[in-house]
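Just below is one structure, and these are the notes that go with it.
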Amino acid sequence: MQFGRYYEEFEVGAVYRHWPGKTVTEYDDHLFCLLTMNHHPLHLDAHYAESASQFKRNVVVGNYIYSLLLGMSVPDVSGKAIANLEVESLRHVAPTFHGDTIYGETTVLDKRESASKPDRGVVSVETRGYNQDGTLVCVFRRRVMVPKREYAASSVPAGVDPERPSFPEPR
């Protein structure tokens, strides 16, 4: 199974559908809020959300959805990345609720070779997240620096598969 791509493997216009999706639970949402110290009652307090919000229920914190989609895209986009350079834009288009399932897909927008280092290039992508009904909930654009295949292969000692690390023999 491939994990990430070399620069040469990206084609402008290619679309990668990330699988599997993830059903967002109340636990996921609350844990993320607490870990990141976002204690807004819209995310944590069901009574508040029911009585004081237009949705009448808790809304999943947007940064969790962004992080989920970013993670979903790693095997297809940034698994071989040298660096994540920039998140150019991030929009939360529709709310996500506990019990929703999120699916993601990424489109390659552009790619260019590095001007300063011949062993790498920069790939621009847009990732979109949808719920189980096909409603767009989140979209973001980012730039990722990835190695070129020939340079990656030449930096690995003979007999070593860079895709599979070796482990010492048990004693």
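Show me the trypsin sites (Lys or Arg not before Pro) within segment 56-101 that DSSP assigns to loop and that have at most 16 other Cβ atoms within 10 Å of their Cβ. Display every interim value, and only then the final one.
Details: sites: LYS56, ARG57, LYS80, ARG91; in loops: LYS56, ARG57, LYS80.
Sites meeting the loop and neighbour criteria: LYS56, ARG57.
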Could you check the spin-label model distance between SER154 and THR25? Points 7 Å from the Cα along Cα→Cβ, value in nm. 4.9
Here segment 21-36 yields Karplus 3J(HN,Hα) values (6.51, -1.76, 1.60; θ = phi - 60°; whole Hz; Gly and Pro given as x) of x, 9, 7, 7, 9, 4, 4, 3, 5, 5, 4, 4, 4, 5, 5, 9
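As an exercise, use a Förster radius of 30 Å and the Cβ-Cβ distance of LEU85 and PHE55 to find the FRET efficiency, rounded to the nearest 0.05. Don't skip to the answer; put the middle values down first.
Details: r = 35 Å, r/R0 = 1.17.
E between LEU85 and PHE55, to the nearest 0.05, is 0.30.
Ignoring everything except DSSP H segments at least 4 long, calculate the 222 nm mean residue ellipticity for the chain; use -39,500 (n - 2.57) per segment, divide by total residues, nearest 500.
Details: 5 runs with 39 residues, N = 171.
So the helix-based figure for the chain works out to -6000 deg cm²/dmol.
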Summarise the long-distance tail of P(r) for segment 7-154 by giving the % of C-alpha pairs beyond 22 Å. 46
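What's the ranking of 116-124, 97-105, 141-149 by average number of surrounding C-beta atoms within 10 Å, highest first?
Values: 116-124: 16.1, 97-105: 18.3, 141-149: 20.0.
Order by mean packing, descending: 141-149, 97-105, 116-124.
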Please report Rg (one decimal) and Dmax (integer) in Å for the Cα set of segment 1-62. 18.1, 53
May I ask you to evaluate 6.51 cos²θ - 1.76 cosθ + 1.60, the Karplus curve with θ = phi - 60°, for each residue of segment 79-88 and list the ³J(HN,Hα) values in order in whole Hz, giving x for glycine and proline? x, 10, 4, 7, 7, 8, 8, 6, 9, 6
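Hey, any idea what % of segment 95-143's accessible area is carbon plus sulfur with a 1.4 Å probe? Before the final figure, lay out the partial values.
On the way: 870 of 2000 Å².
Carbon-and-sulfur percentage of accessible area, whole number: 43.
The values are calculated or read from the model by the stated rules, or taken from the named source; none is laboratory data. All figures in this text were calculated on a predicted structure; none of them were measured in a lab. Every residue, glycine as well, gets a Cβ built from its backbone with ideal geometry; the counts of neighbours run over all protein chains shown. Heavy atoms of the whole protein, side chains included, go into the accessibility calculation; ligands, DNA and RNA do not. Shrake-Rupley method; radii C 1.70, N 1.55, O 1.52, S 1.80 Å.
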